[in-house]
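Here is the structure we will look at, set down as structure tokens.
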Amino acid sequence: MQAEKILAEGKNNPSIPANLLQECLKAMFESSRTYGLFTAYFDEELYRYASIYYEERAFGKDRLMYSVVGVTKVLEDLEISQRDHLPYQDLQRFLEQDFATIHKVSQTPDKFKPYLTARIDIKLMTPEGDFQILSVSDDKVNMARPAWFQKDGIGYMVQSYTGKLDFTAKATVDGQIQMWLRGVDIRTPEDKSKRIPYWIDYTKLTVNDETILDTLTPVWHDKPYRHFIDVKADEEIKLQVEWLPHRSDT
């Protein structure tokens, strides 16, 4: 339930509708991950009882489902602690495999993406020469060169919800690259001139294997983290960025 808790309690983030959380809980309970892990440690009859209890009760029917999912999460955390990879990878799998069953698609539901999506603006601050992003680790990345971001330079807007992004960039001239780590740009339906603050917690930024940021840093679109990089012509710049959904205690 940790991912759901993070999403539900994000400071200043819009709240998630209760019915969507109920759908997520049911999808998590019915997922093969929950069933397989829970029944590997406990009698299958306990799982079946929780399922029947949910179907028959009019009030408080999700109480036993919460118990099963909660116990399963503890079991999974114990297993994860024995693995050699970062927690965000399990968060990504949790969202993409379990929450995705709600909408019967193979990607994270759109309603959750603003809470998970990092936006990285990167720009070479000179109109001369060329500036290219040569490679990106996320095959679902949203990368664009909007016209408004080309004034006095060459800029890219990169958006991803994988939790970690590696990419390589190169300029053909000497200059300075400016980076802005921020959240997504979402406007209020009533007034498109006003943005909704969707916070993201950045945890790491490295440039050519040099650590620039390694402390949890909350940002949103209008309050980004900035970093400037001096570059030489034809020098490849390797960048790595990591982030998590925003927590209320940061």
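Worth pointing out:
- LEU205, sole failed condition from (1) in contact (Cβ under 8 Å) with a residue 40 or more places away in the chain; (2) surrounded by 14 or more Cβ atoms within 10 Å (Cβ to Cβ); (3) not β-branched (Val, Ile, Thr): (1)
- Index of the failed condition, PRO114 passing every other in (1) modelled with pLDDT of 70 or more; (2) closer than 30 Å to ARG226 by Cα; (3) surrounded by fewer than 14 Cβ atoms within 10 Å (Cβ to Cβ): (3)
- Long-range neighbours under 6 Å by Cβ, at least six apart or interchain, first residue at positive phi within the stretch 12-29, second assigned to a helix (DSSP H, G or I) and at pLDDT below 75: none
- Checked against (1) modelled with pLDDT of 90 or more; (2) of a type in the set (Asp, Glu); (3) not assigned by TED's automatic domain parsing to the domain that holds ARG226, ASP98 meets all criteria but (1).
- The residue that is farthest from the chain's Cα centre (by Cα), among those in the stretch 165-202 that are among the small types (Gly, Ala, Ser) and either surrounded by 14 or more Cβ atoms within 10 Å (Cβ to Cβ) or not assigned by TED's automatic domain parsing to the domain that holds GLU236 (or both), is GLY175.
The values are calculated or read from the model by the stated rules, or taken from the named source; none is laboratory data. This one's a predicted model, so the numbers in the text were calculated from it and none came from an experiment. Glycine also receives a Cβ, built like all others from the backbone with ideal geometry; neighbour counts cover every protein chain displayed.
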